[in-house]
Amino acid sequence: MPTVTARDETHPVIRWLMTDARRRVDANDFLEAFAQQLLAAGIDVARITTGVPILHPQIFSFSGLWERGEGVTERLYRAGPSATATMSNSPIRIAYEGGGPVRCDLTAPARDGEFPIVGDLRRDGYTDYVVYSVPFADGSHKALSLATRRAGGFNADELALFAAMIPAIAFNIEVQALRRTARTLLDTYVGQQSGGRVLEGQITRGSGETIRAVIWLCDLRGFTSLSEALPRDALIDLLNSYFGPMCDAVAGAGGEILKFIGDAMLAIFPIGDDPASICRAALAAAERAQAALSEENAKRERAGLPRIEYGLALHIGDVMYGNIGSDTRLDFTVIGPAVNLTARIESMCRQLGRQLLLSSDFVGAGSIPATSLGAHSLKGVGSEQEIFAPA
């Protein structure tokens, strides 16, 4: 392998990083291709990791792990005491702080105070391990580690190559991290399906399509009085305790949470080739949410906290799924008469003394065993609507 200087851009690996690699925006795909480039260049690398702290409500950092013969696996580290303790005694922390590189001779005898990862790698037969800090444009630092099982470890030319390729590595990983952050934020605040559409460029006001979907609308009861009576933190805790089971149930059944409207939540289950199965899945999700909130209310009663009272309606119909709003502020949502009807049915939960109500269209489309609660006049709806409760 030719000698590499710190400013060498002619080495095949660095040239690849600056050209073809830039089209690989998926982090796992990039890591696999990067490893193959190193192997093709005659570098006996057996393990590579990338470490990238990310903006996520629950995840502290993302790590890609490539192992020779095993391929790439993705590791997500949740924020919390465990992650903090692990990171506090790791060369990755040094890299995140802009230090290093850190090189560990894994053939040396174990010693007190060494990084825990060193013992793990030594037991797995690795001989050399090096961690580099990867600088991003915003001043933060990420991490790249490489390990080998070759006797004698990495040689001087290989270490020179690793150091020289860090700027090109940084460019590629930063593009991937920015895309991941964008997708994470869109998934968190817009929803997975809607976020994907936005990321693909569907951001023109008025753009959208008519789709058939099960519509889910749930609403908290007595929120006005609760907001006046409860301290701020207690009110937020109640909302989270209510929305949590609702969101988990919808997401677990393949639904898409579109928005929170104060104390209400709107979600859809897009209909494919089998409307009945989607209806049954939505109903099962609603029943799981009911069960979870029943348990939550039992805990709240034991703690002397106010119960969570709510109404939930399921309907099926055609909706316009797309962008509405102003030139500079858009909302990706569903609108149409079917959404309005779902809201009117949900508003009947208190009057009919039920937590969960179903439309006649939903019951028919899903062949749902249900009990009729009669036909009712609903505000803004032309004809009376028969409303059902699950049998």
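The values are calculated or read from the model by the stated rules, or taken from the named source; none is laboratory data. Note that this is a predicted model, so its numbers are computed, not measured. Cβ sites come from the backbone with ideal geometry, for glycine too, and all protein chains shown count toward neighbours. Keep in mind that these areas ignore ligands, DNA and RNA; they rest on the heavy atoms of the full protein, side chains included. Shrake-Rupley method; radii C 1.70, N 1.55, O 1.52, S 1.80 Å.
Do we have A286 as assigned to a helix (DSSP H, G or I) and of a type in the set (A, V, I, L, M) here? The answer is yes for A286.
Does A282 count as at pLDDT 95 or above, within 20 Å of I308 (Cα to Cα) and buried (at least 21 other Cβ atoms within 10 Å of the Cβ)? For A282, the condition - at pLDDT 95 or above, within 20 Å of I308 (Cα to Cα) and buried (at least 21 other Cβ atoms within 10 Å of the Cβ) - is not met. Applying the condition of being under 26 Å from the mean Cα position of the chain (by Cα) and buried (at least 16 other Cβ atoms within 10 Å of the Cβ) to the range 320-351 and asking which residue is nearest to G208 (Cα to Cα) yields G322.
Within the range 48-65, can one find any residue that is more than 17 Å from V134 (Cα to Cα), out of contact with any helix residue (DSSP H, G or I) (no Cβ under 6 Å at 6 or more places or on another chain) and at pLDDT 90 or above? Checked against the condition, which is being more than 17 Å from V134 (Cα to Cα), out of contact with any helix residue (DSSP H, G or I) (no Cβ under 6 Å at 6 or more places or on another chain) and at pLDDT 90 or above, the range 48-65 yields no hits at all. Put simply, of E174, E200, E158 the only residue that is buried (at least 19 other Cβ atoms within 10 Å of the Cβ) and charged (D, E, K, R) is E158. Taken as a whole, the range 334-342 holds at least one residue that is part of a loop (DSSP other than H, G, I, E, B) and either modelled with pLDDT under 95 or out of contact with any Cys (no Cβ under 9 Å at 6 or more places or on another chain) (or both).
A Cβ distance below 7 Å, combined with a sequence gap of six or more or placement on separate chains, defines the contacts here; from the range 247-259, residues that are open to solvent by less than 50 Å² (accessible area, probe 1.4 Å) reach residues that are charged (D, E, K, R) and at pLDDT 90 or above in the pairs A249/R288. The range 102-167 holds strands (runs of 3 or more DSSP E) entirely within its bounds, and those carrying 3 or more residues that are within 16 Å of G51 (Cα to Cα) map to 128-135, 141-148.
Only residues that are touching a strand residue (DSSP E or B) at 6+ places or on another chain (Cβ under 8 Å) and not in a helix (DSSP H, G or I) were counted across the range 220-259, and they come to 9. Kindly indicate whether any position in the range 185-201 is acidic (D, E), outside any helix (DSSP H, G or I) and touching a strand residue (DSSP E or B) at 6+ places or on another chain (Cβ under 9 Å). Checked against the condition, which is being acidic (D, E), outside any helix (DSSP H, G or I) and touching a strand residue (DSSP E or B) at 6+ places or on another chain (Cβ under 9 Å), the range 185-201 yields no hits at all. Pairing residues of the range 173-185 that are within 13 Å of L17 (Cβ to Cβ) with residues that are part of a helix (DSSP H, G or I) and at pLDDT 75 or above, at Cβ distances under 6 Å and at least 6 apart in sequence or on separate chains, gives Q176/A27. Taken as a whole, the structure leaves G98 outside the set of residues that are in a helix (DSSP H, G or I), open to solvent by less than 70 Å² (accessible area, probe 1.4 Å) and either touching a Gly at 6+ places or on another chain (Cβ under 6 Å) or at pLDDT 85 or above (or both).
The residues of the range 142-155 that are open to solvent by less than 70 Å² (accessible area, probe 1.4 Å) and among the aliphatic types (A, V, I, L, M), listed by number, are A143, L144, L146, A147. With respect to L358, is the statement that it is touching a residue at least 60 places away in the same chain (Cβ under 8 Å), surrounded by 15 or more Cβ atoms within 10 Å (Cβ to Cβ), within 18 Å of L239 (Cβ to Cβ) and of a type outside the set (D, E) true? In short, no. Taken over the range 119-136, residues that are open to solvent by 10 Å² or more (accessible area, probe 1.4 Å) and within 17 Å of A95 (Cβ to Cβ) amount to 4.
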